[in-house]
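Visitor: Structure incoming, see below.
The values are calculated or read from the model by the stated rules, or taken from the named source; none is laboratory data. Quick caveat: nothing in here was measured; it's all calculated off a predicted structure. With ideal geometry, Cβ positions are generated from the backbone for all residues, glycine too; neighbour counts draw on all protein chains shown.
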């Protein structure tokens, strides 16, 4: 595999206590960016790499926050008690798209915040859940997932005229689109279960898929029997980073997949500080640690007990 470079912001932690961390792929340096026993997650780099927008329940169920790339100067962007989720930046860094029930509806729609004027614009309205909005590199479209067709599918919204286009139409769920840096392709996550019964009887088998920007050429990239989720592109468009878990547990780790083929590789992260943040202490007891190596004791626990890494976003 090509030597990795750039930096990835990702979410790490346990249920109810997650934080944003940054890893430098060139040096392996790991830095914690947020703190506190609540959810800070779903971070996205600004186009210039100087800021990160993220979601937090520090002061309300789900707000948008903004901070510097090193975690400094955190700023709360929403204060109305509504639900805000899945933020993403416009290519020029002046606006943020997200999904929200900002007007008090039961469903989340696509909204755009202009940062300088602190003004909001609603861009979808259909009485269904719209989620995971992602701004195209040319700034002209937003890809998102929606239940407006009866199941989760990937759609695009033309910002100039409001035209909607459905890109996926298959049994199961298609969601979380991510544009390639050149705007020609869209990676997404899919659970192509053939029926609701399949989903009720087994854990979802999520995989990373790829298609052209017009919805053609859909094909599966991963076949892990578990959860492959939260996909993001490398800045040069040659690789994808995503989180993956095994069927036996829910502990997700970060993986990199070359778009042109070959096998995915797990990103090596020093988990000691990640686990210290959530106070990992195996309950089997200190006595066992004194007789057996930690690697053996860990086998008695699911990976999720030691935390999980999700929502990676890659920048230069």
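Visitor: For the stretch 85-99, check the following and say yes or no: at least one residue is under 24 Å from residue 127 (Cβ atoms) and assigned to a loop (DSSP other than H, G, I, E, B).
Guide: No: the stretch 85-99 contains no residue that is under 24 Å from residue 127 (Cβ atoms) and assigned to a loop (DSSP other than H, G, I, E, B).
Visitor: Hey, can you tell me all the residues within the stretch 232-259 that are part of a loop (DSSP other than H, G, I, E, B) and either more than 25 Å from residue 132 (Cα to Cα) or in contact with a helix residue (DSSP H, G or I) (Cβ under 9 Å, 6 or more places away or on another chain) (or both)?
Guide: 246, 248, 249, 250, 251, 252
Visitor: When you go through 111, 65 one by one, which is the residue that is buried (at least 19 other Cβ atoms within 10 Å of the Cβ) and more than 28 Å from residue 212 (Cα to Cα)?
Guide: Result of the check over 111, 65: 65.
Visitor: Shifting gears a bit: Those residues that are within 17 Å of the chain's Cα centre (by Cα) and on the phi > 0 side of the Ramachandran plot, I need them from the stretch 3-47; list them, please.
Guide: Correct list: 13, 16, 42.
Visitor: Looking only at the stretch 1-60, which residues are under 16 Å from residue 253 (Cα atoms), at pLDDT below 95 and either out of contact with any strand residue (DSSP E or B) (no Cβ under 9 Å at 6 or more places or on another chain) or not in a strand (DSSP E or B) (or both)?
Guide: Selection gives 15, 28.
Visitor: Further question on the same structure: Mind checking which pairs have a first residue in the stretch 293-307 that is closer than 20 Å to residue 226 by Cα and a second that is at pLDDT below 75 and outside any helix (DSSP H, G or I), Cβ under 6 Å, 6 or more apart or different chains?
Guide: Close Cβ pairs (under 6 Å, with a partner that is at pLDDT below 75 and outside any helix (DSSP H, G or I)) amount to 300/284; 302/249; 303/249; 304/249; 304/250.
Visitor: Still on this structure: Looking only at the stretch 1-17, how many residues end up being closer than 28 Å to residue 259 by Cβ and buried (at least 20 other Cβ atoms within 10 Å of the Cβ)?
Guide: 6
Visitor: Among the residues of the stretch 122-142, how many are in contact with a strand residue (DSSP E or B) (Cβ under 8 Å, 6 or more places away or on another chain), assigned to a loop (DSSP other than H, G, I, E, B) and within 15 Å of residue 107 (Cα to Cα)?
Guide: 6
Visitor: Another question, then. Got a sec? Which of 244, 281 is crowded, with 21+ Cβ neighbours inside 10 Å and either farther than 24 Å from residue 53 by Cβ or at pLDDT 85 or above (or both)?
Guide: Sole residue among the options that is crowded, with 21+ Cβ neighbours inside 10 Å and either farther than 24 Å from residue 53 by Cβ or at pLDDT 85 or above (or both): 244.
Visitor: Sticking with this one: Does at least one position in the stretch 159-168 carry a residue that is touching a strand residue (DSSP E or B) at 6+ places or on another chain (Cβ under 6 Å), within 23 Å of residue 180 (Cα to Cα) and buried (at least 20 other Cβ atoms within 10 Å of the Cβ)?
Guide: yes
Visitor: I would also like to ask the following. Is it the case that some residue within the stretch 91-101 is on the phi > 0 side of the Ramachandran plot, surrounded by 16 or more Cβ atoms within 10 Å (Cβ to Cβ) and within 20 Å of the chain's Cα centre (by Cα)?
Guide: Within the stretch 91-101, not a single residue is on the phi > 0 side of the Ramachandran plot, surrounded by 16 or more Cβ atoms within 10 Å (Cβ to Cβ) and within 20 Å of the chain's Cα centre (by Cα).
Visitor: Let me ask something else. Which residues, counting only those in the stretch 178-224, are at pLDDT below 85, closer than 19 Å to residue 131 by Cβ and either in contact with a strand residue (DSSP E or B) (Cβ under 6 Å, 6 or more places away or on another chain) or part of a strand (DSSP E or B) (or both)?
Guide: Residue satisfying the conditions is 204 alone.
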